Structures are given as C-alpha cells and as structure tokens.
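For reference, the structure is listed below as structure tokens.
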Amino acid sequence: MAGEIRNLSDALEIALERWETWFRGQSQVFPTLKPKAYRSAEPQRVLEKRENVSYDYFKTVAPSLQGGLPDEGNHLEWLLWMQHHGGPTRLLDWTANVFVALYFAVTENQKEDAQLWALDPRALNRHVGMRSVASGDDAPVVLLAAEVVGAWETGCPQDRWPVAFMPRMRFPRMFAQRSVFTIHPAPSRGRTLEDPTIGAEVLREYRIPAGRKADLHRDLVRMGVTQDALFPGLDGVGRASHAEVFIIGPTTWLNNDGEP
C-alpha cells in the first residue's frame with residue numbers, strides 16, 4: 001500500500017530513512033514505471049523497432065544542428081543527449097533530491113493526486129551483481145545501451161534487469177536537478193521495475209493528495225526549489241516569472257508605489 005506525503009516534513013523523513021535513495025515525482029498516478037520508449041500499448045517487438053528507428057533518426061539529424069556530440073559508438077551518451085532533448089529512450093529520470101522530485105509531482109495537474117517513487121539504487125543493482133551505483137562505463141550499463149542499435153533482432157541475452165547509474169553531468173540542468181538514471185532492457189529481453197521479485201526494500205510508492213499540491217508548491221518555492229533553479233537559463237527564468245515570482249514575495253519585485 002502506498003504511503004502519503006502531505007507536507008515537506010513527510011518528504012524529508014522519507015529521504016532520511018536510508019543512506020542513499022533516489023526519487024521520481026509524477027504529477028499523476030500511473031500504474032507502471034516505464035521509460036518513454038516503452039509506454040505505448042503496442043506489441044513489444046513494435047516498441048523495440050520504434051526505439052531503434054527513433055535513435056537512428058536522432059543520431060542522423062543532430063549533427064546538422066549541434067556541435068560537440070558524442071562519438072558514433074558511445075550509445076549511452078547519445079541516449080543521454082536524446083533524453084535531454086525530449087526523445088523517447090530507455091532511460092528513466094530520477095533525482096537524488098527528494099524536494100526536486102516533489103516539485104515535479106505538485107506543479108501540474110492540480111486536480112489529480114500525484115505520485116512519488118523512492119528507489120534504493122544499490123539494492124536494485126544487486127540483481128546484476130553490483131554492490132554500488134553504476135557508472136556509465138560499467139558493463140551492465142554499456143550492454144543495455146548497446147541494445148538500442150538492434151536488440152530486437154540480434155538475440156542479445158535474455159532476463160536482464162534495469163540498472164541504476166550515475167551519469168556524467170553534460171548539461172547544467174542535470175546538475176541543478178541532481179539527475180540520476182535507470183537504464184532498462186528492451187521489453188522482450190528483460191525485467192521491469194514492476195517485477196514481483198522487487199520488494200519494498202528496492203522500490204516504494206507514495207501518493208500526494210491533489211488538495212495538498214498548491215501548498216506544497218508554495219513551500220518548495222519559498223525554499224528555493226523553483227523553475228529558474230531547476231532549469232538554468234532564460235527558459236527557467238521565464239517560467240518562474242510567469243508562475244512563481246509572487247509566491248517568493250511580491251514586494252521584492254515591486255516599485256515604491258506597490259505597482260509592478
């Protein structure tokens with residue numbers, strides 16, 4: 001049964017329960033935890049083919065628009081670039097900061113309950129024989145990333161597990177959001193985070209009632225968890241100026257006559 005988060009103290013207590021926990025906030029309640037590439041109800045083989053085609057398309061077009069891209073064969077770095085720019089990948093975003101996850105859970109879909117997941121990355125990685133969080137250079141991560149070039153037809157090993165790994169911080173947003181990731185096997189080649197053998201020691205679910213979202217958003221903003229903090233640059237400033245400046249304290253941004 002899912003626990004409940006009603007205030008920042010609840011979230012902090014969850015964060016301090018264990019030595020290392022990752023968090024994922026979702027503004028709606030979803031029954032599964034799947035990367036974007038695998039969320040459709042289409043057959044598994046179709047999803048895996050689409051993943052391969054999307055990946056090839058991104059790699060083909062990106063060099064015409066952006067410099068400093070990864071080496072051709074560095075599939076994980078390409079997946080991270082693709083994820084950063086909104087593409088469908090086998091990566092699932094998490095954060096090491098519970099308040100960042102809570103922010104993403106409470107700032108949209110105000111009439112619906114939200115969801116926060118807590119993951120023990122070390123416990124998850126024991127399924128692949130690791131005692132710690134992986135890096136992008138570790139074999140389980142490299143193998144899962146390489147599947148994207150055609151696992152749907154190459155006969156790669158079966159029964160793989162998702163792996164928790166720490167990425168290189170390629171973008172300011174990743175550092176600001178304390179980004180970490182799980183990388184997942186193709187649906188026909190391995191397990192999911194919903195596997196019944198994954199217990200509460202690995203993954204726990206919490207709900208945030210819709211009626212608490214506005215107050216939690218206000219409290220997070222007053223703590224400095226804001227759009228412009230999480231999305232460094234003018235895009236973040238623009239979003240904050242639209243929705244969050246007056247939560248922080250309007251007098252900071254008003255002239256002496258009390259007018260904007």
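Every read-out reported here was derived from the displayed coordinates using simple, explicitly stated rules and does not represent laboratory data. Worth saying up front: this structure is predicted, and the values here are computed from it rather than measured. Note that we place each Cβ from the backbone using ideal geometry, even for glycine, and neighbour counts take in every protein chain shown.
Annotations
- Dipole magnitude of the chain about its Cα centre (Cβ charges: Lys, Arg +1; Asp, Glu -1), debye to nearest 20: 320 debye
- Helical mean residue ellipticity (222 nm; -39500 (n - 2.57) per DSSP H run of 4+; nearest 500) of the chain: -10000 deg cm²/dmol
- Charge context of residue 101, other residues only, Cβ under 12 angstrom, K/R +1, D/E -1: +1
- Rounded FRET efficiency, nearest 0.05, which uses the C-beta distance separating residue 7 from residue 242 and R0 of 30 Å: 0.70
- Sorting the segments 70-81, 30-41, 94-105 by their mean number of nearby beta carbons within 10 angstrom, highest to lowest, gives 94-105, 70-81, 30-41.
- Relative contact order [Cα under 8 Å, 6+ residues apart], the chain, whole percent: 26 percent
- Extension reserve of the residue 131-residue 169 stretch, reckoned as 0.36 nm per residue once the Cα distance is removed: 11.4 nm
- Environment charge of residue 208, counting only residues whose C-beta is closer than 15 Å and scoring Lys/Arg +1, Asp/Glu -1: -1
- Candidate aspartates and glutamates for bridging to residue 49, where Cα separation is under 15 Å - those fewer than 8 sequence places away on the same chain excluded: 147, 153
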